[in-house]
Amino acid sequence: MGQSVLTPSGFSRTESGELVCEGVSLEAIADAVGTPTYVYSTRAIRDQYDALDKVLAPVPHRLHYSMKANSNLAVLRLLQERGAGVDIVSGGELYRAQQAGFSADSLVFSGVGKSPLELAEALSAGILMFNVESLFELDQLNEVAGEMGLRAPVALRVNPEVKVDTPHHYTRTGERGNKFGIPFDEAVDAARRALALPNIALRGLDMHIGSQIFQLEPYRDGLVRLLDLYDQMQAIGATEIRCLDIGGGFAVSYDDEQPMDLDALAGALLPMVARSGLSLIVEPGRHIVGNAGVLLARVMHRKKAGAKEYIITDAGMNDLVRPSHYDAYHAIEAVHARDGRSIVDVVGPVCESGDFFALDRAVENVDAGDLIVVRTTGAYGYVMSFNYNSRPRVAEVLVDGSRFAVVTRRESYEDLVRLEPQHLEWRTT
Ligand code: LLP
């Protein structure tokens, strides 16, 4: 990988070489809030959202932000104000979306395993659509809706079974045999079943083929296959289908890669969507928030061991798991630019050899006490963090122009044990 050329709109360097977020010094944030801390740029999030919205403007559409990428309430509110809908995957996300002020009819509910309770919660909330992934789910939803005297609006999530390339196989979902979606050749039967069920209203067709996808071909091929199914479903009486959901997955740049070319994507897809007369839903997560965030951390010390040199930071794999879980590349920079580089491993304090952010990487010569950022961590950063080693979860900060706010406070030691009773209430069956 080359040296990072990332230039998201929210981050820049001052003349003295200090990395700042919009008009706020990262050092000032570290002083006020401590480290590690996730820092997000309002401007970067807005710009990404607006750019995608504009590209899709030729067809009736809605962006349903995939909130699993970053579900902080302040981030959600920012997108709600811009007119976004949300893609949820759990009862907890439904709750958060509602807390953030999203109306129920702006929510689509994806996910390969929704519990009867989650189905009932979303039904009584009155969400726009359930993206149903199996015949079992269809029957279950029909039953729950019947008990509630409701008709459930449904899109069938179909696996288009196209060739998908992503940096890690964990994030491919649109190839034959993946666990997600209804297998392609069972989709028309699923529609037939949906039409026969009294409490199901078949309103859409859906796919989500993976995450961090650079090529437009899998979207194009997937859409062609979805539209083919649409024709077949119309022929068997599915007259209520109104929308096409093509999922998320649009790539961002973590290093010097070109991000997804949205104009080219729109050029390939929108004419087909327009011809179908259906409205378009997209479910981007990473594309909206990925480059809008950094993980701000402090170097604790440097250490040599054998032929290796380590930079040990106060952030660990529990705060950002992507490098160790997906072998993901994240650019690392000093907040105050440092001269010279050396080949090091950048690691955290967690008692695991898999606790790293970079291996054998040429990193600026930072020293104990220096601040660094791990870039492109606005998506799948904080939301995937955990408490291993009884490490409190870190703080999140949102920057807006020359001001910043703590949007998640750092956990305390008390928080670590607050769900565990001091005195046990033993029960017998
Ligand atoms: N829609 C559905 C149904 C999804 O499952 C996902 C992501 C998205 C939309 C949004 O995908 P995006 O636009 O963010 O690529 N933790 C992994 C990524 C997992 C993605 C899971 N599904 C990572 O850190 O790379």
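The values are calculated or read from the model by the stated rules, or taken from the named source; none is laboratory data. Fair warning: this is a prediction, and the values are worked out from it, not measured in the lab. Cβ coordinates were reconstructed from backbone atoms using ideal geometry, including for glycine residues, and neighbour counts include every protein chain displayed. Side chains included, ligands, DNA and RNA excluded: accessible areas come from the protein's heavy atoms. Shrake-Rupley method; radii C 1.70, N 1.55, O 1.52, S 1.80 Å.
Beta-bridge orientation, the chain: approximately 50 percent antiparallel, per DSSP, counting only bridges with both partners inside. Backbone amide hydrogens, once placed in the peptide plane, bring Asp245 within less than 5 Å of Leu205, Asp206, Met207, Ile281, excluding anything fewer than 5 places away on its chain. Inter-part distance, segment 125-171 to segment 294-320, computed on C-alpha centroids, equals 42 Å.
The longest part of the chain holding none of the exposed loop chymotrypsin sites (Phe, Trp or Tyr not before Pro), meaning those outside H, G, I, E and B in DSSP with at most 11 other Cβ atoms within 10 Å, is 1-385. When exposed loop sites are taken as GluC sites (Glu not before Pro) in a DSSP loop with at most 11 other Cβ atoms within 10 Å, the longest stretch of the chain clear of them is 16-424. In this Cβ point-charge picture (+1 for Lys and Arg, -1 for Asp and Glu), segment 14-83 has a dipole of about 560 debye about its Cα centre. Take the solvent-accessible surface of the protein heavy atoms, probe 1.4 Å, and return the percent of it on the chain that carbon and sulfur atoms account for. Result for the chain: 50 percent of the exposed heavy-atom area is carbon or sulfur. Hey, quick one: spin label on Phe136, modelled 7 Å out along Cα-Cβ, who in segment 152-193 has an amide N within reach, i.e. under 15 Å? Once the point is set 7 Å along Cα→Cβ of Phe136, 179-183 turn out to lie under 15 Å by backbone N, inside segment 152-193. With both residues required to sit in segment 103-284, DSSP beta bridges show an antiparallel share near 5%. Can you list the residues, at least 5 places off or on another chain, whose amide H is less than 5 Å from the amide H of Thr377, using H built in the peptide plane? Answer set, sorted by chain and number: Gly293, Val294, Leu295.
Straightening the chain between Ser279 and Thr429 buys 48.7 nm, computed as 0.36 nm per residue apart minus the Cα-Cα spacing. Rolling a 1.4 Å probe over the protein heavy atoms gives the chain an accessible area of 43 Å² per residue. The three principal axes of the Cα atoms in the chain give end-to-end lengths of 68, 63, 43 Å, sorted in falling order. Here the 3J(HN,Hα) profile of segment 412-429, calculated from phi with Karplus coefficients 6.51, -1.76 and 1.60 at θ = phi - 60°, is 9, 4, 4, 4, 4, 10, 5, 8, 10, x, 5, 10, 7, 9, 5, 10, 10, 7 Hz, Gly and Pro shown as x. The C-alpha atoms of segment 209-271 occupy a region whose extents along the principal axes are 49, 20, 16 Å, arranged from largest to smallest.
Relative to its Kirkwood radius, the Cα radius of gyration of segment 179-297 gives an Rg/Rh of 1.05.
A straight Cα-to-Cα reach below 14 Å connects Lys163 with the aspartates and glutamates Glu175, Glu217, Asp221, residues fewer than 8 places away in its own chain not being considered. Taking amide H atoms as placed 1.01 Å from N in the peptide plane, the amide H of Ala358 lies under 5 Å from those of Val346, each 5 or more residues away in sequence or on another chain. Taking 0.36 nm per residue of sequence separation and removing the Cα-Cα distance, the Asp105/Lys163 pair yields an extension gain of 17.6 nm. When exposed loop sites are taken as trypsin sites (Lys or Arg not before Pro) in a DSSP loop with at most 10 other Cβ atoms within 10 Å, the longest stretch of the chain clear of them is 180-417. The Rg/Rh ratio for segment 103-284 is 0.97, where Rg is the radius of gyration of the alpha carbons and Rh is the Kirkwood radius.
With the crude spin-label approximation of a point 7 Å out along Cα→Cβ, what separation in nm comes out for Asp261 versus Arg403? Going by the 7 Å Cα→Cβ label model, 4.2 nm.
Net charge dipole, segment 1-118: roughly 340 debye, given to the nearest 20, about the Cα centre with Cβ charges of +1 for Lys and Arg and -1 for Asp and Glu. Taken about its Cα centre, the chain carries a charge dipole of roughly 260 debye when the Cβ of each Lys and Arg holds +1 and the Cβ of each Asp and Glu holds -1. Remark: segment 135-148, residue by residue, has Karplus-estimated 3J(HN,Hα) of 5, 4, 4, 4, 5, 5, 5, 4, 5, 4, 5, x, 4, 8 Hz, where x stands for each Gly or Pro and the curve is 6.51 cos²θ - 1.76 cosθ + 1.60 at θ = phi - 60°.
The 3J(HN,Hα) values that the Karplus relation (6.51, -1.76, 1.60; θ = phi - 60°) gives for segment 316-326 are, in residue order, x, 4, 6, 8, 8, 9, 4, x, 7, 7, 10 Hz. Gly and Pro appear as x.
The alpha carbon radius of gyration of segment 1-118, expressed as a multiple of 2.2 N^0.38 Å, is 1.29. Summing charges over neighbours of Val344, with a neighbour being any other residue whose Cβ is under 12 Å away from its Cβ, gives +1 when K and R count +1 and D and E count -1. Computed over neighbours whose Cβ is under 13 Å from that of Leu216, the net charge equals -3, Lys and Arg +1, Asp and Glu -1.
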